[in-house]
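Structure, as C-alpha cells:
The values are calculated or read from the model by the stated rules, or taken from the named source; none is laboratory data. In this text the structure is predicted, and so the values were computed from the model without any measurement. Cβ coordinates were reconstructed from backbone atoms using ideal geometry, including for glycine residues, and neighbour counts include every protein chain displayed.
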C-alpha cells in the first residue's frame, strides 16, 4: 500500500469513533470509494454493518452507535426519546429495560435498511406519530458514550413521548412510577411542550400524573393555555373515569384529593 493510501486509511481509522457505524454514502462523499472500502474489508480494518454501512473490524456496536450515523451522517431528524431517554438521564434507573429503544421522528422519514435489519441487541420501537405541531423544534439534549455524542429527548419531552405509549407498550403503573420521579422538570419547557402537543389524551394523562405526584413545578403550569379538547377520553379499558381530567384510569387509582 502506498504512503498516500496508508495515510488515508490511518485517517479513517483514527477519526472513526469507537462503537459507531459509518454510512457508506457519507464515506463516499469523504473520498472513500466502494472499491476502496471493499479493500479495507478484505484487509480486516472494517466490516459490513449491513447494506449501506460499515463498522470497525470486530468493534462492538449497539443501537446508540447506529443512531450516531443516522443523526451525524445522514442528518435524519430521528432521536431516542420517551422511556429510553428518561433511563439514560437516570430518571428510571430502577426500571431499566434497555432491550427496548424508543426512537421518535416528528415527520415521516424512513429508516435505512441497514439500521432496520441491524438488531443492535435491542427492540427498536420507531414512532412517527407527529406528536407535536409541525413548526415545533424538538427539545433535545446530549448523551455521550465512549467518544461520541448523540441527541436524545430532554426529560420534559421524553415524559410526554412516554405517555403516548400508555398502555399499549408501557404499563400505566410503570409510567406513573417514572412520572413520580420527575421532580426537577422545567415548568417553562413543560408548558411549551403541552401547548404544542397534538394528542389530547396524552396531555390530559401528563397533567393527571403530574398532579397526583404533587411536583412543585406543576403549580407553575397554566392548563388554561393547553388545548385539552372536550368530552371524555379512554386511556385504560374498563377503568374508572377521573372527574377532573375526564380520562379513564385504573380502578385502583383514587381520585385526586380535593376533587369530587
Exactly one condition in (1) surrounded by fewer than 17 Cβ atoms within 10 Å (Cβ to Cβ); (2) assigned by TED's automatic domain parsing to the domain that holds residue 151; (3) on the phi > 0 side of the Ramachandran plot is not met by residue 82; state its number.
(1)
I'd like to verify a number: residues in region 221-238 that are at pLDDT below 95 and more than 29 Å from the chain's Cα centre (by Cα), how many?
1
Within region 149-189, the residues that are part of a strand (DSSP E or B) and surrounded by fewer than 18 Cβ atoms within 10 Å (Cβ to Cβ) are 149
Determine if region 190-198 includes at least one residue that is in contact with a strand residue (DSSP E or B) (Cβ under 7 Å, 6 or more places away or on another chain), in contact (Cβ under 8 Å) with a residue 24 or more places away in the chain and in a helix (DSSP H, G or I).
yes
I'm checking my understanding of the structure. Among residues of region 111-122 that are part of a loop (DSSP other than H, G, I, E, B) and modelled with pLDDT of 95 or more, which one is surrounded by the most Cβ atoms within 10 Å (Cβ to Cβ)?
112
Any residue at all in region 200-220 that is under 22 Å from residue 129 (Cβ atoms), modelled with pLDDT of 95 or more and in a loop (DSSP other than H, G, I, E, B)?
no
Output the number of the condition that residue 106 fails; it satisfies all remaining conditions of (1) assigned to a loop (DSSP other than H, G, I, E, B); (2) touching a helix residue (DSSP H, G or I) at 6+ places or on another chain (Cβ under 9 Å).
(2)
Every residue in region 124-145 that is part of a loop (DSSP other than H, G, I, E, B) and touching a helix residue (DSSP H, G or I) at 6+ places or on another chain (Cβ under 8 Å), please.
129, 131, 133, 136, 138, 139
Checked region 226-235 for anything in contact with a helix residue (DSSP H, G or I) (Cβ under 6 Å, 6 or more places away or on another chain) and either farther than 22 Å from residue 165 by Cβ or buried (at least 17 other Cβ atoms within 10 Å of the Cβ) (or both); matches are 226, 233, 235
Limited to region 223-244, what total is found for residues that are closer than 14 Å to residue 199 by Cβ and part of a loop (DSSP other than H, G, I, E, B)?
6
